[in-house]
Every structure is written in C-alpha cells, then in structure tokens.
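Just below is one structure, and these are the notes that go with it.
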Amino acid sequence: MKISFPINEMKQHLSPLEQISITWSKGTLEIHESRGFFHISEKTSSSISPTITERNQTQAGEDAVLKVKDHVGLLSYRSVSSNEGVLTVQAPPEFSKIQISYSAQEDESIFGCGTQLSKLNLKGSALPILTREPGIGRGVQPLTFFMERMFGAGGEWHCTSAPSAWFLSTQGFGICIENEELVQLDFENPTEHRLTIHSAHVQLRIFYGNTPKEILKEYTKHIGRFPVLPDWFHNGAIIGLQGGSAKVRKQLALLEEHKSPVSAFWLQDWVGGRKTSIGKQLWWNWELDDQVYPDWDMLREELHKKNIKLLSYINPFLVDSESKGNAKRILLQEAMENDYLIKNQQGDPYPIQNTSFHAYLIDLSNPQAQHWIKEVIKDQVLSTGVHGWMADFAEALPFDAVLHSGSTEEWHNRYPVEWARVNREAIKEAGKEGEVVFFHRAAFTKSPKYSTLMWMGDQLADWGKEDGLHSAVIGLLSSGFSGFSINHGDIGGYIATTPPNIPFPIPGFAHRRNKELLMRWTECFSCTAVFRTHEGNQPTRHVQIDHDAQTVIHFAKFSRLFVALHSYRVALFQEAARKGYPVVRSIGFVYPDIVEERDCTTQFFLGDDILMAPVLSKKTNSVRCFVPDDDWVLCWSNKEYTKGWHTIPAPIGEPCILVKKETQAHRLLQDFLKEEQS
C-alpha cells in the first residue's frame with residue numbers, strides 16, 4: 001500500500017519519496033567470509049506492510065505512527081534546508097529489516113554507490129552495499145569460474161572494496177542511507193526502486209539539485225571532503241618499486257637520463273618481502289627491514305636533495321614475524337598480550353586466511369587498540385621520514401567475529417572508515433597534516449571525512465570492463481559521483497594470474513601485463529589525479545616501465561605531460577576540497593543535458609576542460625569519441641572537432657586528448673608540446 005507523505009514543500013524539486021511503500025520483515029541473514037571475500041545468503045520468514053494511523057505536522061516536517069495489527073512503528077520527515085531532508089523509519093524491534101519502495105522514472109540514470117568497477121549507470125541492476133574484496137576476474141572466463149570454485153574469490157560485477165550507501169538520480173535528487181548495516185539496492189524495475197536495509201531503524205538523507213554538481217556539493221558537505229594534496233604530488237610520477245636501495249638508485253638514474261620527472265618512490269617492501277601462493281607479498285609487521293634497506297636514511301637524504309619523497313605501506317593486519325628472523329618488535333605478540341585483536345567465537349584471536357598464510361585483524365572497536373596502532377604508525381612508520389603510505393585492506397572483518405564493542409553487522413562497513421580515521425589522526429597528531437598522505441582502497445559512505453587519497457584496488461592486467469583498464473576508468477567515474485573525489489589506480493594493473501611456480505602461460509589464465517597494455521594504461525592515467533606505478537603481484541612476469549628503450553621513453557613523455565598540467569590539477573584539487581567535485585568526471589557530470597551520452601564509460605574529463613578517450617582494446621590506433629558542444633581541439637595537432645561522434649587517431653604516444661580552446665589547460669598543453677619539440 002502506498003503511503004502519501006508530503007515531505008517536499010519546495011516546488012522547484014520533485015521528491016522521490018512523496019509516495020512510498022514500507023515493508024517490515026523477519027528472517028535470517030548469513031554472510032560468510034573467505035580471504036576477504038563475502039557471500040550473502042538470506043531467508044525471509046515473514047513480511048508485513050504498515051499504514052499510517054496518526055499524523056502530526058511540525059514546523060520542520062511531519063511525524064506519523066505506522067501500525068499493522070499489534071505492531072507499531074514510526075515515520076518522520078524533517079526538512080533540513082531547501083536542498084536537503086531527512087526521512088526516518090522505525091520498525092518494532094522484532095523485525096530485522098526494512099524495505100522502502102518509491103516510484104521511479106523509466107528514462108533516468110542512477111550513478112554512484114561508491115567505486116563501482118563494471119557499471120556506471122546502475123539503472124536496471126540490483127546490488128548489495130558491502131565492503132569486500134572485488135574479486136579476480138569478475139566475469140572474465142574461465143578465470144572467474146576457477147577462482148570462485150577453488151578459492152571463493154572470483155567476484156561479481158558489483159563487488160568492491162569501496163561501496164557507498166548513496167546514489168544520485170538524473171531526476172534531480174540523491175539519497176544517502178545513513179545506516180552502516182548491509183544495504184541492498186534494487187533498480188531493476190524501471191518504474192519502482194526498492195531500498196532494503198538490514199536494520200529495524202533506517203535514516204535516509206535526501207539531497208536535491210538541478211544538476212549533479214549542485215547535488216554533489218550538498219551531499220559532500222554532509223559526508224566530508226578530501227583535503228588538497230601536497231604540492232609535491234604534482235612533481236612527477238610515483239614509482240612503485242621493490243628490491244632495495246641499489247635498485248632505487250638504478251631506476252632513478254635511468255629515469256633521469258630520459259628526463260622523466262619523479263615525485264616519490266613508493267617502497268612497499270620496506271618491511272621485507274615473502275613468497276606466497278600468488279607471488280610476492282610483504283611481512284605485515286610494521287617496522288623497517290634493515291637487511292632490505294640497510295642504508296635507508298642515506299637513501300632518503302639523497303632523494304630529499306632532489307625533492308623526491310619516500311612512501312611505504314601498512315595495513316590493519318598483523319602476522320607472526322618470528323620466522324622472518326630479523327624482527328626487532330613483534331607487533332602481533334604485543335596485540336595478543338593486550339587484547340587488541342578481533343576474536344573468534346571461542347574467544348581466541350581470529351586467524352583470517354589471506355593467500356597461503358593467516359593474519360590477525362586489529363580490533364578498531366577497541367579505543368585502546370586504536371590508540372596503540374596510531375602510536376605504531378607514529379613510532380615505526382612516520383619516524384622513518386616517509387611522506388606517505390598505502391593503507392591497504394580493511395574490508396575483511398568477518399561477520400562471525402567477536403568485537404570489543406558493538407556488533408559486526410554495524411562494524412563491517414564501518415571498519416574501513418575507522419581505518420582511514422586512525423591513519424589521518426596519526427598524521428595530525430604527529431604534526432604532519434598537509435605534508436603526509438595515505439591512500440586506501442577500502443571505504444564506505446563517509447570515508448571522505450578522513451581520507452587524503454583513494455585508489456581502486458587490484459585490477460587484473462587486462463583490457464576489459466569486467467576487470468582491467470576499462471574497469472579502472474569506470475571506477476574513476478562512479479567514484480566521482482559518490483563523493484570519492486580524488487581517486488586513482490595502479491598503472492598497468494596489478495594481478496597476473498599464471499601460477500608463480502609454473503614457468504609457462506596457461507591458456508585462459510595467462511593474464512599478465514604486456515608492453516602495449518602498460519603503454520596504454522600510462523597514457524590514460526597521465527590525465528588523472530595521480531600518476532603511480534606498481535610492479536604487480538608477479539613483477540618478473542609483468543612488463544615494467546624499464547622493459548626496453550621504447551617503454552622508458554614513452555613513460556618519461558607522459559610523466560612530463562602529467563607535470564605540465566600541475567597548475568590545472570591544483571585548481572581541481574582545490575575545487576574538490578571546496579565543493580566535493582571529482583577530479584575525473586563523466587559526460588553526465590560535466591554536460592548533464594547531453595542525455596543520450598551520459599552513461600558513456602569509454603571517455604572521461606579531467607576537470608571540465610580536458611577530454612580523454614583512452615584506447616581500451618589491443619592493437620588499436622584510433623578511438624570513437626563523443627565531442628560536446630564547445631570549441632575542442634586535439635592536443636597533438638590542434639585540429640578542431642565539432643559536436644558529435646568522431647573517429648580520432650590514437651597511435652601509441654599520441655592518445656586522444658582533446659582540450660577546450662583558449663583555456664588554461666589548452667595553454668599548458670601547447671607549452672608542453674613546444675618543450676617536447678625543442
């Protein structure tokens with residue numbers, strides 16, 4: 001039964017919730033964890049639909065009593081401003097979930113829901129909002145079938161480390177579900193959408209606006225916005241490297257020889273490396289390994305003189321490092337002795353399988369554990385003189401774990417938000433705010449309040465939209481609609497799938513980075529927020545930037561292009577901090593009136609004035625690109641393109657980069673080309 005609820009008195013906005021249906025349900029929900037992957041099963045035993053029996057008009061909105069038989073609940077709406085309202089539903093405590101349905105428009109698009117890696121427009125889809133490992137393959141066959149059957153790790157199209165209980169409709173509104181419990185969004189019915197929240201108390205916050213920019217500005221005011229990144233981020237590429245100081249010096253000399261600007265070296269193996277079933281991983285005991293980097297301080301000072309920073313790596317897991325041999329401080333032992341770890345049902349520290357080893361997750365529901373890990377970050381990480389780190393994982397809290405306080409149903413999605421907060425507070429307490437940056441992949445709705453930078457996790461070394469270069473582009477676009485304004489990815493992808501102990505490729509499982517893929521990914525990410533490489537999980541099987549003379553020269557050129565856009569990108573970072581706008585944008589965000597192309601995922605904007613249509617398939621030297629109605633020219637030739645679809649040449653080294661004429665971006669790219677020619 002529809003409930004008429006006049007929650008919107010502002011005539012310029014059409015509320016999606018003026019008529020809603022509410023259902024209360026009882027049932028069971030089981031969510032099983034394996035290596036950070038989660039599988040959901042539920043069974044509904046009974047459902048009822050209440051109706052309004054009493055109404056009470058207030059100055060800010062309306063309250064109502066919901067009733068069916070002997071069950072009584074509450075419904076209320078409060079107008080926060082002309083652009084924002086709050087809807088609350090309270091079911092009787094014996095019910096485990098609430099479903100809210102509302103009328104939808106057939107021709108609308110739905111964007112957001114966090115870092116969605118395979119679909120931009122979610123209209124016609126249904127998806128759970130649950131932070132978890134994205135999966136390996138995510139539909140690429142037979143890889144996905146094998147990974148799912150053997151490890152439960154194949155993933156589905158909607159699996160993501162960074163979901164958000166938020167979506168934006170092109171009908172002029174966005175809805176934020178404030179709950180941290182599991183949310184399921186169903187947009188499959190073109191004329192009715194259903195929001196299911198696994199809780200007896202639900203709060204929705206609705207934001208209104210005439211454009212996505214207006215809506216996102218109001219929404220990010222609520223969830224928080226990213227700070228402006230330090231200026232050193234714009235000085236060049238961040239080079240991901242492992243193997244010790246000598247390798248860093250050799251790589252730097254090669255890049256300097258080719259005039260490739262470098263802003264930082266990201267040395268994730270600062271803690272030491274170990275071989276596992278997927279290739280090379282790290283010792284999760286957060287201290288400097290002075291056997292791998294015996295001259296760390298000297299290396300840091302050498303790089304500092306060249307204005308190059310050092311970055312490292314941490315995550316919220318700990319492992320038994322006694323067998324490592326040279327550990328000075330065994331953090332796992334400290335955490336066990338002080339009761340800082342999540343527990344299993346028997347009351348013991350909970351071992352979580354990662355690849356071929358177990359790890360133990362810090363219990364962030366314990367304030368003392370939070371304080372302890374912040375001190376570890378300050379004493380063991382920041383003390384090494386780094387200017388940032390990857391803050392990995394945080395999506396693996398099992399639902400059958402026992403916490404210091406609260407339930408896992410509330411804490412699972414909250415955990416990555418708290419992990420970001422711990423990292424940000426450690427930086428602030430050390431007096432390094434504005435200098436030091438951490439980047440994380442796991443997130444939830446309100447992560448931007450504490451984040452400094454995000455990255456999209458581990459893409460397959462492949463081209464596809466399921467899990468590859470195209471999926472990375474989609475992830476940037478969907479993130480932008482979700483308030484995750486500054487996001488980036490690993491150049492070239494991360495995952496190689498040939499088993500490390502097999503010396504030859506297996507048909508269907510031989511995904512690894514080749515030269516062409518690396519060069520196309522390099523081109524694509526030169527026009528994004530951050531330009532960072534990663535050797536990948538099997539560095540010797542992936543083609544690296546120093547593979548041969550052509551790869552080095554190509555990488556150096558696009559490092560210089562990235563630096564050339566320094567001042568333009570700074571303005572975008574400032575806009576992200578002031579308004580919540582994404583640095584990388586879709587057609588639907590920049591040109592919302594171009595309805596026919598707003599779902600396009602094969603091109604993107606850097607700000608409003610640069611349009612990139614990357615090559616997303618192998619052995620291709622041109623792209624199809626939609627050009628909006630403005631004065632656009634091709635970066636390399638200055639050739640003008642009018643509104644409409646065009647086939648544009650894109651040989652390796654000259655990808656399709658269009659720029660709006662007579663803008664700052666146009667002048668910067670012209671200066672870049674003059675420098676290159678000279």
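Remarks
- Matching option when the condition is in contact with a Phe, Trp or Tyr (Cβ under 9 Å, 6 or more places away or on another chain), at negative phi and modelled with pLDDT of 80 or more, among Ser15, Ser34, Ser45, Ser41: Ser34
- Restricting the range 321-343 to residues that are surrounded by fewer than 19 Cβ atoms within 10 Å (Cβ to Cβ) and assigned to a loop (DSSP other than H, G, I, E, B), the residue that is modelled with the lowest pLDDT: Gly325
- Residue within the range 504-517 that is buried (at least 23 other Cβ atoms within 10 Å of the Cβ), in contact with a helix residue (DSSP H, G or I) (Cβ under 6 Å, 6 or more places away or on another chain), in contact (Cβ under 8 Å) with a residue 12 or more places away in the chain and in a loop (DSSP other than H, G, I, E, B) present: no
Okay, residues lined up against (1) farther than 25 Å from Pro448 by Cβ; (2) outside the structural domain of Val89 (by TED's automatic domain parsing); (3) under 23 Å from the mean Cα position of the chain (by Cα):
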residue	(1), (2), (3)
Asn121	no, no, yes
Ala126	yes, no, yes
Gly135	no, no, yes
Thr144	yes, no, yes
Gly172	no, no, no
Glu188	yes, no, no
Arg194	yes, no, no
Pro212	no, no, yes
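- Leu453 satisfies every condition listed in (1) crowded, with 24+ Cβ neighbours inside 10 Å; (2) within 15 Å of the chain's Cα centre (by Cα) except (1).
- Odd one out for Ile238, checked against (1) more than 18 Å from Ala391 (Cα to Cα); (2) modelled with pLDDT of 95 or more: (1)
- Filtering the range 23-47 to residues that are of a type outside the set (A, V, I, L, M, F, W, C) and in contact with a helix residue (DSSP H, G or I) (Cβ under 9 Å, 6 or more places away or on another chain) leaves Ser34, Arg35.
- The range 123-144, residues that are closer than 13 Å to Gly468 by Cβ and buried (at least 22 other Cβ atoms within 10 Å of the Cβ): Pro134, Gly135, Ile136, Gly137, Arg138, Val140, Leu143
- Subset tally (residues that are of a type in the set (Lys, Arg) and touching a His at 6+ places or on another chain (Cβ under 9 Å)) for the range 569-603: 1
- Residue within the range 148-157 that is buried (at least 21 other Cβ atoms within 10 Å of the Cβ), assigned to a helix (DSSP H, G or I), modelled with pLDDT under 95 and aliphatic (A, V, I, L, M) present: no
- Selected residue [surrounded by fewer than 21 Cβ atoms within 10 Å (Cβ to Cβ) and either under 24 Å from the mean Cα position of the chain (by Cα) or without any contact (Cβ under 8 Å) to a residue 24 or more places away in the chain (or both)] from Ala246, Ala237, Ala264: Ala246
- Annotation: of all residues in the range 547-582 being touching a Lys or Arg at 6+ places or on another chain (Cβ under 7 Å) and assigned to a loop (DSSP other than H, G, I, E, B), the one that is farthest from Glu106 (Cα to Cα) is His547.
- Total residues in the range 319-348 satisfying the condition of being in contact with a strand residue (DSSP E or B) (Cβ under 6 Å, 6 or more places away or on another chain) and small (Gly, Ala, Ser): the figure is 1.
- Inside the range 344-394, residues that are in a loop (DSSP other than H, G, I, E, B), touching a residue at least 40 places away in the same chain (Cβ under 8 Å) and either among the polar types (S, T, N, Q) or under 26 Å from Trp455 (Cβ atoms) (or both) make up a count of 15.
- Leading residue by the ranking (farthest from Gln670 (Cα to Cα)) among those in the range 609-633 that are among the hydrophobic types (A, V, I, L, M, F, W, C) and outside any strand (DSSP E or B): Leu616
The values are calculated or read from the model by the stated rules, or taken from the named source; none is laboratory data. Quick caveat: nothing in here was measured; it's all calculated off a predicted structure. No Cβ is skipped: glycine too gets one built from the backbone with ideal geometry, and neighbour counts run over all protein chains shown.
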